1. If you keep only loop residues by DSSP, which chymotrypsin sites (Phe, Trp or Tyr not before Pro) in the stretch 22-67 have at most 10 other Cβ atoms within 10 Å of their Cβ?
2. Just to be sure I follow the rule: in the chain, considering lysines 8 or more places apart or on different chains, how many pairs have Cα atoms under 26 Å apart?
3. Give me the Kirkwood hydrodynamic radius of the stretch 21-142, using the inverse of the mean 1/r over all pairs of distinct Cα atoms, in Å to one decimal.
4. If I take R0 = 25 Å and measure r between the Cβ atoms of LYS96 and LYS57 in this structure, what FRET efficiency does the formula 1/(1 + (r/R0)^6) give, to the nearest 0.05?
5. Put a dot 7 Å past each Cα toward the Cβ at GLN30 and ILE139; how far apart are the dots in nm?
6. Within the stretch 71-131, report the chymotrypsin sites (Phe, Trp or Tyr not before Pro) that DSSP leaves as loop and that have at most 10 other Cβ atoms within 10 Å.
7. Might you report the magnitude of the Cβ-based charge dipole of the stretch 21-142 about its Cα centre, with Lys and Arg at +1 and Asp and Glu at -1, to the nearest 20 debye?
8. Counting other beta carbons within 10 Å of each Cβ, put VAL28, VAL63 in order, fewest first.
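FYI, it's all coordinate maths here, none of it is from the lab. Please read all numbers here as calculations on a predicted model, not as lab measurements. Note that each Cβ is placed from the backbone with ideal geometry, even for glycine, and that neighbours are counted across all protein chains shown.
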Amino acid sequence: MKKILLILLSIVTLSGCNANSSLSFSEVSQESINKDIRSFFQGVKEENGVHLYLDKKNNAVFVYLNGSNVIQDEKAVYFTGFDIESENDTLNLLYKSEETSDYSNSSLEHEIFYKVNLDKYYEEVKLLNNGNETSFGTISGNN
């Protein structure tokens, strides 16, 4: 009986160690995003920049890199990289962008969505573009 109790206690303890509790990110399609979050992103689609949605219910952050709005005779922004770093109580979102005059190049990423799975609560979220700190276009979220 003690062995069974010990095994059950071990299973409960290990179950408490959530495998999803590590800091990670992945590119996601707009269609795979929850409808409330997707609605927020659709509301900022006409604004170039980086838009952030804090999904506290699922311990995640969604990032929308948008450079899809091009003004005639201006260069188009496209994105070449994304990464995350944890520094104590600060989450750093790092992305790389470039500009082009070639509007027809369909291989360039002008609009990308990322889901960041959080490993803990962060006091601050910083955004860095090509190594330089910058600001978010819009921030929203749920409780």
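1. Here no chymotrypsin sites (Phe, Trp or Tyr not before Pro) fit, given the DSSP loop and packing criteria.
2. Lysine pair count for the chain: 24.
3. This gives a value of 14.9 Å.
4. Efficiency computed from Cβ-Cβ geometry: 0.25.
5. So the label points at ILE139 and GLN30 sit 2.5 nm apart.
6. TYR121
7. About 480 debye.
8. Ranked by crowding around the Cβ, least crowded first: VAL28, VAL63.
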